[in-house]
Amino acid sequence: MTIYIDPPSWPAHGTVFSHLISDTSLQELHDLAATAGISIRAFDQDHYDVPAHRYEDLVSRGAVPVSGRELTRVLLRCGLRIPAAHRPEKLRPNLSRAWSRLGHTLQAAEALTDDDAARSPAADFNRLWGLLGEELLDRWSEPHRSYHAMTHLAAVLRGVGTLDRAGELPHAQRPVVSLAAWFHDAVYSGAAGADEEESALLAETRLGPLLGAAAVSEAARLVRVTETHDPLPDDRNGAVLVDADLQILAQDPARYAQYTAAVRQDYRHVAETDFRHGRAQVLQRLLERPTLFHTAMGRARWESQARANLHAELELLTRG
């Protein structure tokens, strides 16, 4: 692994900044930054922004000086570069538009049913729906989130769409599964079980005045399924949401390394030894399952790579 730094030439806050990157591991990058006393707040998806007065110190600690162009090439070659479309300034408006479209779809579906459980008048729906969308995006943007952030929400929504187009979902059910995706990590403190329950309760509370009881109940039920990622055999909605949530396990090794580093950051309040032990237990339980994925497409497309990634990570964790 090599840490690289480009010249301080990016102006902000009355000074100029360098970019600090790794060519192999975000975790190693975080470790060096922590040792050097650089706050995690300086981390921007795939690099640290460091002020000019820290440049010489970081070089003395082993960071290799390169040009800005070469630093970008290194990030691209190693697969750790975060595409512009996945950055918060792009993601938020895209997700906001997706939330608005989902509201129109659900509103139209509700109009075709007899379930009128205490819904807001149509004139208020768009305003209240917009406010709820902003609240959810604020939650997904909380500063303590690294993996469980807007990039994950966008990926789960894409996964739901992919599985729907593959015929894994009754098409009329896609809106409520997408709605559950929006809420499934809306509350995130790193407390397994409690977070899912709080997220489900949030869905019930916020959606109750807007949608009929059937849609609210199903969305909250699906959120609770993500606690175990183990839907019942006939639960197609649950299978699609769970597989969309777990598809990150089947990414290529470079993207999987980004995922594991981001998960570690989400649990940075946990000591390293405790984290390794707990994470290894989670991986072992997943590997003991007959299948990781519950849809035919998930098993065919994602199962093999996901198991390879889990085995590789488990070996690293247990090897110490």
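Mind putting a number on the dipole of the chain about its Cα centre? Charges go on the C-beta only, +1 for Lys and Arg and -1 for Asp and Glu, and I need it in Debye to the nearest 20. Intermediate values should be presented prior to the final figure.
Working: 34 positive and 43 negative charges, 183 e Å.
In total the dipole reaches around 880 debye.
Expressed as an acute angle from 0 to 90° and rounded to the nearest 10, what is the orientation of the C-alpha long axis of helix 174-183 relative to the principal long axis of the chain?
Result, in degrees: 50.
Report the one residue of 228, 99, 250 whose Cα lies farthest in the direction of the positive end of the charge dipole of the chain (charges on C-beta: Lys and Arg +1, Asp and Glu -1; origin at the Cα centre).
Looking along the dipole axis, the top candidate is 250.
What's the angle, to the nearest 10 degrees (0 to 90), between helix 213-225's Cα axis and the longest principal axis of the chain?
40
How high is the relative contact order of the chain, in percent, counting Cα pairs under 8 Å that sit 6 or more residues apart? Don't skip to the answer; put the middle values down first.
On the way: 408 pairs, mean separation 49.9, N = 320.
Computed over the chain, the figure is 16 percent.
Just want the ordering: 235, 46, 274, from fewest to most Cβ atoms lying within 10 Å of their own Cβ.
On the way: 235 16, 46 19, 274 10.
Going from sparsest to densest Cβ surroundings: 274, 235, 46.
If amide H atoms are built 1.01 Å from N in the plane of the peptide, which residues on other chains or at least 5 residues away come under 5 Å of the amide H of residue 267?
none
Which listed residue (281, 141, 184) has the Cα farthest towards the positive end of the charge dipole for the chain, taking +1 on Lys and Arg C-beta and -1 on Asp and Glu C-beta about the Cα centre?
So the residue furthest toward the plus end is 141.
Give a residue-ordered list of calculated ³J(HN,Hα) values for the stretch 11-27 (Karplus: 6.51 cos²θ - 1.76 cosθ + 1.60, θ = phi - 60°; whole Hz; x for Gly, Pro).
x, 5, 6, x, 9, 10, 10, 9, 10, 10, 9, 10, 9, 9, 9, 5, 5
Over the Cα atoms of the stretch 83-320, what Rg and Dmax result, in angstrom?
Here Rg and the maximum Cα pair distance are 18.0, 60 Å.
Suppose we keep just the alpha-carbon trace of the stretch 3-81; what are its Rg and Dmax in angstrom?
11.3, 32
Put a dot 7 Å past each Cα toward the Cβ at residue 230 and residue 281; how far apart are the dots in nm?
1.5
Within 10 Å of each residue's Cβ, count the other Cβ atoms and sort 77, 236 from fewest upward.
Details: 77 11, 236 18.
Arranged by neighbour count, lowest to highest, 77, 236 become 77, 236.
About the Cα centre of the stretch 3-81, what is the dipole size in debye to 20, counting +1 per Lys and Arg Cβ and -1 per Asp and Glu Cβ, all else neutral? Write out the running numbers ahead of the final one.
Numbers: 7 positive and 10 negative charges, 29 e Å.
With Lys and Arg at +1 and Asp and Glu at -1, about 140 debye.
Helix-only mean residue ellipticity at 222 nm, the chain, DSSP H runs n ≥ 4 weighted -39,500 (n - 2.57), per residue, nearest 500. What is it?
Working: 13 runs with 188 residues, N = 320.
Computed ellipticity for the chain at 222 nm equals -19000 deg cm²/dmol.
Give me 72, 226 ranked fewest to most by other Cβ atoms within 10 Å of their Cβ, as a rough exposure proxy.
Details: 72 16, 226 24.
In increasing order of surrounding Cβ atoms, one gets 72, 226.
Each reported figure results from applying straightforward, stated rules to the coordinates on display, with no laboratory input. These numbers come from a predicted model, not from an experiment. Methodologically, a virtual Cβ is constructed for each residue, glycine included, from the backbone with ideal geometry; neighbour enumeration extends over all protein chains shown.
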